[in-house]
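A.B. asks: What follows is a structure written as C-alpha cells; I'll ask about it next.
The values are calculated or read from the model by the stated rules, or taken from the named source; none is laboratory data. Predicted model only: the values in this text are computed from it and were never measured. Cβ coordinates were reconstructed from backbone atoms using ideal geometry, including for glycine residues, and neighbour counts include every protein chain displayed.
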C-alpha cells in the first residue's frame, strides 16, 4: 500500500498503546514492524457483531478488513468503497485525510464503525449514503506504469544511432 | 438513547411508518368529512324524498376505528359511511327501496349524478372521487336506541341487524392503552431533522398491518381472503394491552394460533351481537379457512424471527417483504441522513463497545477530511 512522506509519524509503540487504551475490547499485537488489532464493532443494536482487523505498518496506509460475518454483495451490485481483498476504503488517501501522525484508534476505528453502519444501509437501499467525498472507482483499478509505445521506442533508437 | 441503539424502537418505527404510509392522510380525512357532510345536506335538503327522515351521515368501519388502509394495487381508499334515516324499517315494503331512494336523490343532483357508481352494490351506494376515495353510503334504520340499526341487503331482500357504534366502543376499550402511555414508554431521543412516523395506538397499527399482510398474501386469491371485519375483530379479541406495535402483533398472532381448534374452524362472532358469525364464509369454504390458518402460523414464525435476525438491512427487508412496502428503506435513508448531520456536528461517538451513540464518553466520530483536532479543510 502507499507510503507517506512526511515529518510526523507516530511511533508504532504509540499506536499500539493508544489502541489498547481506547479499544480494550480489541486484541492488539505488535509484531516486527506492524501492529495488528482485531476486535468487535457493532454500529447499532440491530447489527451483528462485526470482527474487524486493522493491520498497520509504520508509515503505510492501515489495512482494514471485516473478518466476520462475511461482507456480501447485493444482487448485481458489488460492495462499494472497498479495495481489492475487501479492504475497507475509509478515507481519501490523496487528500491526506489520514496520515501516520494520527492515532488509528481515534480515526480508523470510528470510521470503520461508520462504514459498517452505512454498509447495512446500502444493503437495504442500494445507495451509499455516507457523507463526504469518496474515492472514485478508478482507485480499484491496478496502477499501470506508463510504457512508451513500440513506435516511440524505435524512433528514439534511430535518433540515438 | 437514539433509535438505532434500540432494536425494539427501530422495529416499531419501521412498523409505524409502513402502516402510516398506507393510511388516509389528515388532509384526505378532512376532505372526506367535508364531502360526506355535503352529501348529507343533499340527502336531507329541499326536494329530497328522504328529507322527511332526517338523514344523518356518520363514518363507520375503518374510518371510525382509525384503521384505514389503501386497498392493494389502487390509489383510492374505500371509506364507509352510515346514513341513518328516522323511519321504522317495518314500514318499508322492500329493503332495497332504501338503497334505491338514496341512489335516486344523488343521481338526480347536478353534482353527484356522474359520481354515483352505476354498479349496484348489495348494501351501499358508492360515490366516486377519482384518485382519492370512494364514499360507500350505507342507508339504515334505527332499531330502538343505543346505536342498533337495521341494514338493507339488496341481494337477499332482507334486513340485517347491526351496531357499528357499539362495535367501535368495544374496539376502543380493547385498545386498552392510551396514547400518553405509548409515548411515555418510547423514551427515544429524536434524531436531528428526522421526522418520526406519526403514532397510532398499537391495536390500530396491528389491524392495519394485518389487513395489509392479508392483501399481499391473498393477492392472487381475493375471494379466499378473510374480510376486514374478521381481521379487526380477531386482532382486538386477542390483543392484551402491549404498548409497542411489535409486541402487540406478537401477542395477537400467538393468541390466534393458540385459539385455532384442532378440528373444525375458528368462529369469529360479532362481539356486540353473538348471533352474527362474522366468519361465516369460512363455514362455506374450508379451503379458505385452511389457507388462513396455515398462513397465519407462517406469519407468526416470520414475526418472531425479526427479534433474532441481525442487520438493519435484514430486518428492514423482511418487513418490506411481509407488507410489500418501500417504507422500511425510506426510514433507513432518513435515519442515515440524520447520522450524517450528527457526524458533521461532532455529536456522534463510538463507545468502547463499538456502538454508535450520542454520549459524553467514547471516541468522537468525525468524518474524514476533518484534521484531527483541527478544522474541516474540505
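A.B. asks: Go through region A:81-98 and report how many residues are within 15 Å of residue A:9 (Cβ to Cβ) and over 12 Å from the mean Cα position of the chain (by Cα). Steps first, answer last, please.
C.D. replies: At the first step, the residues of region A:81-98 found to be within 15 Å of residue A:9 (Cβ to Cβ) are A:96, A:98.
Checking the rest, the ones that are also over 12 Å from the mean Cα position of the chain (by Cα) come to A:96.
Total satisfying the criteria: 1.
A.B. asks: Turning to a different aspect of this structure: Output yes when any residue across region B:312-333 is at pLDDT below 95, out of contact with any helix residue (DSSP H, G or I) (no Cβ under 8 Å at 6 or more places or on another chain) and closer than 27 Å to residue A:121 by Cα, and no when none is. Reasoning before the result, please.
C.D. replies: From region B:312-333, those at pLDDT below 95 are none; that's our starting set.
So far as region B:312-333 goes, no, none of its residues is at pLDDT below 95, out of contact with any helix residue (DSSP H, G or I) (no Cβ under 8 Å at 6 or more places or on another chain) and closer than 27 Å to residue A:121 by Cα.
A.B. asks: May I pose another question? Restricting to helices (runs of 4 or more DSSP H) lying wholly in region B:160-222: which have 2 or more residues that are over 30 Å from residue B:336 (Cα atoms)?
C.D. replies: Numbers: elements: B:164-174, B:179-186, B:202-217.
Of the helices (runs of 4 or more DSSP H) lying wholly inside region B:160-222, those with at least 2 residues that are over 30 Å from residue B:336 (Cα atoms) span B:164-174, B:202-217.
Per-residue answers, yes or no, for (1) surrounded by 14 or more Cβ atoms within 10 Å (Cβ to Cβ); (2) touching a strand residue (DSSP E or B) at 6+ places or on another chain (Cβ under 6 Å); (3) at pLDDT below 90; (4) closer than 30 Å to residue A:113 by Cβ:
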residue	(1), (2), (3), (4)
B:57	yes, yes, no, no
B:74	no, no, yes, no
B:86	no, no, no, no
B:107	yes, yes, no, no
B:111	no, no, no, no
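A.B. asks: Still on this structure, please answer the following. Being crowded, with 16+ Cβ neighbours inside 10 Å and in contact with a strand residue (DSSP E or B) (Cβ under 8 Å, 6 or more places away or on another chain) is the filter; apply it to region A:84-99 and report the residue that is farthest from the other protein chains (Cβ to nearest Cβ).
C.D. replies: Out of the qualifying residues, it is A:87.
A.B. asks: So, one more: Can you pull out every residue in region A:105-121 that is assigned to a helix (DSSP H, G or I), at the interface with chain B (Cβ under 8 Å from one of its Cβ atoms) and either over 16 Å from the mean Cα position of the chain (by Cα) or under 26 Å from residue A:20 (Cβ atoms) (or both)? Give the steps one after another, and end with the answer.
C.D. replies: Restricting attention to region A:105-121, the residues satisfying the condition of being assigned to a helix (DSSP H, G or I) are A:105-106, A:108-121.
Narrowing further to those that are at the interface with chain B (Cβ under 8 Å from one of its Cβ atoms): A:105-106, A:109-111, A:113-114, A:117-118, A:120-121.
A:105, A:106, A:109, A:110, A:111, A:113, A:114, A:117, A:120, A:121, listed by residue number.
A.B. asks: In contact with a strand residue (DSSP E or B) (Cβ under 7 Å, 6 or more places away or on another chain), assigned to a helix (DSSP H, G or I) and either surrounded by 14 or more Cβ atoms within 10 Å (Cβ to Cβ) or modelled with pLDDT of 95 or more (or both), is that true of residue A:124?
C.D. replies: Working: in contact with a strand residue (DSSP E or B) (Cβ under 7 Å, 6 or more places away or on another chain): no; assigned to a helix (DSSP H, G or I): yes; either surrounded by 14 or more Cβ atoms within 10 Å (Cβ to Cβ) or modelled with pLDDT of 95 or more (or both): yes.
No.
A.B. asks: So, one more: Going by what's in this entry, would residue B:122 be described as touching a strand residue (DSSP E or B) at 6+ places or on another chain (Cβ under 6 Å) and either part of a loop (DSSP other than H, G, I, E, B) or exposed (fewer than 15 other Cβ atoms within 10 Å of the Cβ) (or both)?
C.D. replies: On the way: touching a strand residue (DSSP E or B) at 6+ places or on another chain (Cβ under 6 Å): yes; either part of a loop (DSSP other than H, G, I, E, B) or exposed (fewer than 15 other Cβ atoms within 10 Å of the Cβ) (or both): yes.
Spelling it out, residue B:122 is indeed touching a strand residue (DSSP E or B) at 6+ places or on another chain (Cβ under 6 Å) and either part of a loop (DSSP other than H, G, I, E, B) or exposed (fewer than 15 other Cβ atoms within 10 Å of the Cβ) (or both).
A.B. asks: For region B:321-342, which positions are buried (at least 21 other Cβ atoms within 10 Å of the Cβ) and at the interface with chain A (Cβ under 9 Å from one of its Cβ atoms)?
C.D. replies: Result: B:328, B:332, B:335, B:336, B:339.
A.B. asks: Please tell me if residue A:66 is touching a helix residue (DSSP H, G or I) at 6+ places or on another chain (Cβ under 7 Å) and within 14 Å of chain B (Cβ to nearest Cβ).
C.D. replies: Details: touching a helix residue (DSSP H, G or I) at 6+ places or on another chain (Cβ under 7 Å): no; within 14 Å of chain B (Cβ to nearest Cβ): yes.
Considered against the rule, which asks whether it is touching a helix residue (DSSP H, G or I) at 6+ places or on another chain (Cβ under 7 Å) and within 14 Å of chain B (Cβ to nearest Cβ), residue A:66 comes out as no.
A.B. asks: Scan (1) under 30 Å from residue B:8 (Cβ atoms); (2) away from chain B (no Cβ under 12 Å) for the single condition residue A:41 breaks and write down its number.
C.D. replies: Every listed condition holds for residue A:41 apart from (2).
A.B. asks: Another one. Check whether at least one residue in region B:254-270 is part of a helix (DSSP H, G or I), buried (at least 21 other Cβ atoms within 10 Å of the Cβ), at pLDDT 95 or above and under 22 Å from the mean Cα position of the chain (by Cα), and report yes or no. Please lay out each step first, then the result.
C.D. replies: Residues of region B:254-270 that are part of a helix (DSSP H, G or I), as a first pass: B:254-259.
Subset that is buried (at least 21 other Cβ atoms within 10 Å of the Cβ): B:256.
Filter once more, keeping what is at pLDDT 95 or above: B:256.
With under 22 Å from the mean Cα position of the chain (by Cα) added as a condition, the list becomes B:256.
Yes: region B:254-270 contains one or more residues that are part of a helix (DSSP H, G or I), buried (at least 21 other Cβ atoms within 10 Å of the Cβ), at pLDDT 95 or above and under 22 Å from the mean Cα position of the chain (by Cα).
A.B. asks: Tell me whether region B:307-317 contains one or more residues that are at negative phi, more than 9 Å from every other protein chain (Cβ to nearest Cβ) and assigned to a helix (DSSP H, G or I).
C.D. replies: Keep residues of region B:307-317 that are at negative phi, which gives B:307-310, B:312-317.
From what's left, more than 9 Å from every other protein chain (Cβ to nearest Cβ): B:307-308.
Within this subset, residues satisfying the condition of being assigned to a helix (DSSP H, G or I) are none.
No, because not a single residue in region B:307-317 is at negative phi, more than 9 Å from every other protein chain (Cβ to nearest Cβ) and assigned to a helix (DSSP H, G or I).
A.B. asks: Please name all residue pairs, on different chains or six or more residues apart, with Cβ atoms under 6 Å, provided the first residue is in region B:262-273 and is in contact (Cβ under 8 Å) with a residue 40 or more places away in the chain and the second residue is surrounded by 14 or more Cβ atoms within 10 Å (Cβ to Cβ).
C.D. replies: From residues that are in contact (Cβ under 8 Å) with a residue 40 or more places away in the chain, the pairs are B:270/B:276; B:270/B:278; B:271/B:170; B:272/B:163; B:272/B:166; B:272/B:167; B:272/B:170.
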